[in-house]
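Heads up: the structure comes next, in C-alpha cells.
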Amino acid sequence: MNPLYPTFKRGFLNGISITYKMVKVIVPCYIAIELIKHFGLIEAISTFFKPCMGIFGLPGESALGLIAGYFINLYAAIAVIAPLQLSSKDMTTIALMLGIAHSLPIETGVTRQTGVNAWLMLTARVVFSLFAGIVINLVWKLFL
Amino acid sequence: MEIILVALKDSLALTVKLLCIILPLSISYEFLKHRQSAIEKKHFAFLGISGKGFVPLVTGIIIGLTYGAGVIIYSIRTSNTSKKEAFLILLFLSICHAIIEDTLIFVVIGANGLVLIGFRFALAIILTYLIYRSRLFNAQFDCFPGKDGRIEQ
C-alpha cells in the first residue's frame with residue numbers, strides 16, 4: 001500500500017467532518033434568510049443598518065452577514081450573504097472584513113492558549129476588520 | 001412551505017460547492033504537515049519574526065487559526081519564542097490567516113479573490129511593521145527588568 005495513503009485518508013476524513021459541521025450551520029441560516037426575505041423584513045433590517053454599513057459602502061442588509069460571521073463562523077456568514085445577491089464589490093468588502101475577524105468566541109480561546117493577551121488581540125482584530133472595510137471601500141472607489 | 005424546500009435545495013448546492021474546495025484543501029494540509037521542516041529555514045526578520053516563528057506564521061497564513069491551532073500553539077511554546085515575537089506573529093495572523101480557504105469560499109459566492117489576498121497581505125505587513133517599530137509596543141515589553149520576555153512553559 002502507498003505510504004502516503006494514511007495522510008490522504010486523514011485529510012479526506014477531516015474534510016468530510018468539516019463539511020458535516022458546515023452543513024449544520026449553512027442550511028438553517030440559509031432557510032432563515034430566505035424566510036426573512038419572503039416576509040419582507042429585509043427592507044426594515046436594511047434601513048435600520050444603513051447608517052452604519054454606509055461607512056463601508058455596503059447595503060444595510062449585509063450587516064446580518066457580518067454579525068453571523070463575527071459571532072458564529074464564516075460558513076454561517078456565507079449562508080446569510082449568498083441569498084442576498086450582493087455585487088462583487090460588496091462581497092469582496094465583506095469577505096475582507098470577515099477574513100480578518102470571524103468566529104471571535106472560538107478564536108479568542110485559541111489565542112489565549114498561546115500566552116498572548118487575548119482581549120488585546122480581540123480588540124485589535126475587530127478594529128483592523130472595521131479599518132480594512134473602510135479602506136477597501138475608499139480604494140475601490142478611487143482605483144477600481 | 002415551497003420556499004423552505006427551495007432554500008434547502010439552494011443551501012445544499014452551496015454546501016456541495018464548498019465541499020469541492022474544502023476536501024482538496026484538507027488533504028493538502030495533511031501533506032503539508034509532513035514536510036514542515038523544509039519551510040523552517042526562511043524568515044520574516046524585517047517584521048521582527050525570526051526563523052523559529054516562521055513555522056507558526058506560515059501554518060497560520062495557509063491553514064488558519066482554527067485548524068492550525070495545534071501546530072501554532074505547539075511551535076510557539078516549544079521553540080522558546082519571546083512574548084514580543086509571539087505577539088507579532090499573532091498580530092500578523094489576525095489579519096492574514098487561512099488565506100486559501102477563506103478566499104476560495106468567498107470567491108464561490110462572488111468576491112474578487114486577487115483583491116482579497118493582495119489586500120490582506122499588504123495590510124498585515126504594513127501594520128505588523130508599524131507596531132514592531134512603534135515606541136509604545138517596545139516600551140511595553142521592555143519595562144520588566146529581570147524578565148527576558150519568555151512565555152512560561
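If you go through segment B:107-122, how many residues are more than 15 Å from the chain's Cα centre (by Cα) and either part of a helix (DSSP H, G or I) or of a type in the set (D, E, K, R) (or both)?
Residues that pass the stated criteria total 5.
Return the residue satisfying two criteria in turn: it lies in segment A:78-113 and is over 24 Å from B:L19 (Cβ atoms) and of a type in the set (D, E, K, R), and of such residues it is surrounded by the fewest Cβ atoms within 10 Å (Cβ to Cβ).
Top of the filtered list is A:R112.
If I ask for residues that are in contact with a Leu (Cβ under 7 Å, 6 or more places away or on another chain) and more than 7 Å from every other protein chain (Cβ to nearest Cβ), which ones from segment A:104-126 would you list?
Passing the criteria: A:L104, A:T108, A:L122.
Read through the list (1) in contact (Cβ under 8 Å) with a residue 24 or more places away in the chain; (2) more than 9 Å from chain B (Cβ to nearest Cβ), then give the number of the only condition that A:W140 fails.
Of everything listed in (1) in contact (Cβ under 8 Å) with a residue 24 or more places away in the chain; (2) more than 9 Å from chain B (Cβ to nearest Cβ), A:W140 misses just condition (2).
Say whether the condition of being under 21 Å from A:S129 (Cβ atoms), of a type in the set (D, E, K, R) and surrounded by fewer than 17 Cβ atoms within 10 Å (Cβ to Cβ) is met by at least one residue in segment A:40-59.
yes
Here's a check for you: in segment A:122-138, which residue that is closer than 17 Å to B:R120 by Cα and modelled with pLDDT under 90 is surrounded by the fewest Cβ atoms within 10 Å (Cβ to Cβ)?
Among those that are closer than 17 Å to B:R120 by Cα and modelled with pLDDT under 90, it is A:A124.
Whether any residue in segment B:28-38 is at pLDDT below 80 and in a loop (DSSP other than H, G, I, E, B) is what I want to check.
Yes, there is a match, as at least one residue in segment B:28-38 is at pLDDT below 80 and in a loop (DSSP other than H, G, I, E, B).
Restricting the search to segment B:77-106, which residues are assigned to a loop (DSSP other than H, G, I, E, B) and either within 9 Å of another protein chain (Cβ to nearest Cβ) or touching a strand residue (DSSP E or B) at 6+ places or on another chain (Cβ under 9 Å) (or both)? Before you say what the answer is, go through the steps one by one.
Keep residues of segment B:77-106 that are assigned to a loop (DSSP other than H, G, I, E, B), which gives B:79-81, B:96-98.
Passing the criteria: B:N80, B:T81, B:C96, B:H97, B:A98.
Which helices (runs of 4 or more DSSP H) does segment A:1-86 wholly contain that include 2 or more residues that are modelled with pLDDT under 90 and either more than 13 Å from chain B (Cβ to nearest Cβ) or touching a helix residue (DSSP H, G or I) at 6+ places or on another chain (Cβ under 7 Å) (or both)?
Fully inside segment A:1-86 and qualifying: A:5-38, A:42-53, A:74-81.
What pairs can you find where one residue is in segment A:49-74 and farther than 19 Å from A:C29 by Cα, the other is modelled with pLDDT of 90 or more and β-branched (V, I, T), and their Cβ atoms are less than 7 Å apart, with a gap of 6+ or different chains?
Sorted first by the residue in segment A:49-74, then by its partner, the pairs are A:I55/A:I134; A:F56/A:T93; A:F56/A:I134; A:G57/A:T93; A:L58/A:T93; A:L58/A:I94.
May I ask you to verify whether A:L98 is under 15 Å from the mean Cα position of the chain (by Cα), assigned to a helix (DSSP H, G or I) and more than 12 Å from chain B (Cβ to nearest Cβ)?
No; evaluated as a whole, the condition is false for this residue.
Restricting to segment B:86-122, name every residue that is within 22 Å of A:V80 (Cα to Cα) and of a type in the set (S, T, N, Q).
Residues satisfying the conditions are B:T103, B:N112.
The values are calculated or read from the model by the stated rules, or taken from the named source; none is laboratory data. As the structure is a computational prediction, the values presented were derived from the model and not from experiment. All Cβ positions, glycine included, derive from the backbone under ideal geometry; neighbour counts span all protein chains shown.
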